[in-house]
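The structure under discussion appears below in the form of structure tokens.
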Amino acid sequence: MKVRCSGELALIDWMRKHCVCSSAVKTGIGDDTAVLPLNTREDLLLTTDLLVEGTHFTKSTLPHLVGRKALARNLSDIAAMGGTPTCAVVSLGLPTNTPTTYVRKVYQGLNRLAKAFSVSIVGGDTVKSRTFVINIALLGRVAKGRAILRSGARVGDHIFVSGCLGGSLKSDRHLTFTPRIAHAQYLLKNFCPTAMIDISDGLAGDLGHLLEESRVGAVIDEEKIPLHRGASLKAGLYDGEDFELLFTVRPNQADKLLKQNNKSFFRIGAIIKDQNKLYVRQKNDDIRLIPAQGFTHF
Ligand SMILES: [Mg+2]
């Protein structure tokens, strides 16, 4: 079977079952980052992301934005665990006719964001390639046992997002977004989210991942989904690359969170029992079941 038929999720499921993984690993394949024991106080987070010309950016995308995006996506995954990023390695696949100024500009964008988030670039690799490819692996840390997983949502929890959704690709926000590290650390310190993920494949798809790992379902209110100007409800549900945080908190924390931060966090729904079922409550109060699926990579 070809990957375009099996799809990305079936491949990841296969990897999860078949990859070598020691019992010392706290969280392996299937969350925003891996979680590994570091010392008596902290756990280590590890994530990686691959960007390919023609898939994640085009030939005409400004090179400093390519470098920026490559690191920002990784930072977003560290944010989704409630972590602090520390250092990264950067690998490039380069066509031989790539101007060296292009590579320098990629690193300019990357370095600027690395500096803003106190990330050190500590290594990498360069190889010949047919198209321009950039891969970053990023380490982070989090207080021991405090990483926020996708699997912790419980029936009755309220569902929140950290900002407006929809139209990221059309508006080029996917190149310039701010990874929600500060929001995530604030949440970890003050509200103990039960589960969290960053929205990379679209609200419906990423909520689907969270529901699957937590073995629960959800109802979201279509009127409560915060949309970017000009974005339709469909774009808010299914567009990828918004990189906002999607998280759940216990009902007794939800009102307090809203009272203190009604401009940064938006309550969009609640967790219910029906495993893997995603319902949308429409304006007229009707409830419809929608596919908990997002962007498909193949
Ligand atoms: Mg993620």
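The values are calculated or read from the model by the stated rules, or taken from the named source; none is laboratory data. Since the structure is predicted, the reported quantities are computational estimates derived from the model, not experimental observations. Note that we place each Cβ from the backbone using ideal geometry, even for glycine, and neighbour counts take in every protein chain shown. Heads up: the accessible areas ignore ligands, DNA and RNA and are worked out on the full protein's heavy atoms, side chains in. Shrake-Rupley method; radii C 1.70, N 1.55, O 1.52, S 1.80 Å.
Solvent-accessible surface of the stretch 31-143, taken per residue with a 1.4 Å probe and all protein chains present: 46 Å².
Note that the stretch 150-290 presents 45 Å² accessible area per residue, ligands and nucleic acids not counted, probe 1.4 Å. Mean-square fluctuations from a GNM of the chain, with a 10 angstrom spring cutoff on Cα atoms, peak among PRO95, PRO63, PRO37 at PRO95.
As an exercise, take the mean of 1/r over every pair of distinct alpha carbons in the stretch 57-106, invert it, and state the Kirkwood radius in angstroms. After inverting the pairwise mean of 1/r, the radius is 12.4 Å.
What share of the DSSP beta bridges in the chain is antiparallel, in percent to the nearest 5? It would help to have the intermediate numbers written out before the result.
Numbers: 44 of 59 bridges.
Taking every DSSP beta bridge within the chain, about 75 percent pair in antiparallel fashion.
Contact order for the chain, expressed relative to its length and based on alpha carbon pairs under 8 Å spaced 6+ residues apart, stands at 21 percent.
Compute the signed sum of charges (Lys and Arg +1, Asp and Glu -1) over the other residues within less than 14 Å, Cβ to Cβ, of ARG250. In short, +1.
Projecting the Cα atoms of GLN108, THR86, ASN135 onto the charge dipole of the stretch 44-143, computed from C-beta unit charges around the Cα centre, puts GLN108 farthest toward the positive end. The listed residues PHE117, PHE177 rank as PHE117, PHE177 when sorted by accessible area, largest first, using a 1.4 Å probe.
Rolling a 1.4 Å probe over the protein heavy atoms leaves LEU36 with an accessible area of roughly 40 Å². Relative to the globular-protein estimate of 2.2 N^0.38 Å, the Cα radius of gyration of the chain stands at 0.99.
Accessible area ranking (1.4 Å probe, heavy atoms, ligands and nucleic acids excluded), largest first, for MET196, MET15: MET15, MET196.
What is the local net charge at HIS64, summed over the other residues whose Cβ is closer than 9 Å to its Cβ (Lys, Arg +1; Asp, Glu -1)? It would help to have the intermediate numbers written out before the result.
Numbers: positive: ARG68, LYS105, ARG112; negative: none.
My count for the surroundings of HIS64 gives +3.
When DSSP beta bridges are restricted to pairs lying wholly in the stretch 1-138, around 65% turn out antiparallel.
Hey, what angle do you get for helix 8-18 against the long axis of the chain, alpha-carbon based, 0 to 90 degrees rounded to 10? So the helix axis and the longest Cα principal axis differ by about 80 degrees. Among GLY205, GLY145, GLY83, the largest mean-square fluctuation in a Gaussian network model of the chain (Cα springs under 10 Å) belongs to GLY145.
Within the stretch 150-290, what whole-number % of the accessible surface is contributed by carbon and sulfur, with the 1.4 Å probe and all protein chains included in the calculation? List each step's numbers first, then the result.
Details: 2910 of 6380 Å².
That fraction is 46 percent.
Of the trypsin sites (Lys or Arg not before Pro) found in the stretch 95-144, those that fall in a DSSP loop while having at most 16 other beta-carbon atoms within 10 Å are ARG130, LYS144.
Pairs of Cα atoms under 8 Å, at least six residues apart: use those to get the relative contact order of the stretch 31-143, whole percent.
On the way: 218 pairs, mean separation 47.5, N = 113.
Normalised by residue count, the contact order of the stretch 31-143 is 42 percent.
Take the alpha carbon atoms of the stretch 254-293, find their center, do the same for the stretch 148-201, and report the distance between the two centers in whole angstrom. If we compute the Cα centre of each part, the gap is 14 Å. In a simple Cβ point-charge model (Lys, Arg +1; Asp, Glu -1; nothing else charged), the chain has a dipole of about 540 debye relative to its Cα centre. The Cα atoms of the stretch 239-298 cover 40, 28, 24 Å along the three principal axes, with the biggest extent listed first.
Counting every pair of alpha carbons in the stretch 31-143, the share spaced more than 21 Å apart comes to 35 percent. When the Cα atoms of the stretch 160-298 are aligned to their principal axes, the ranges along those axes come out at 37, 34, 31 Å in descending order.
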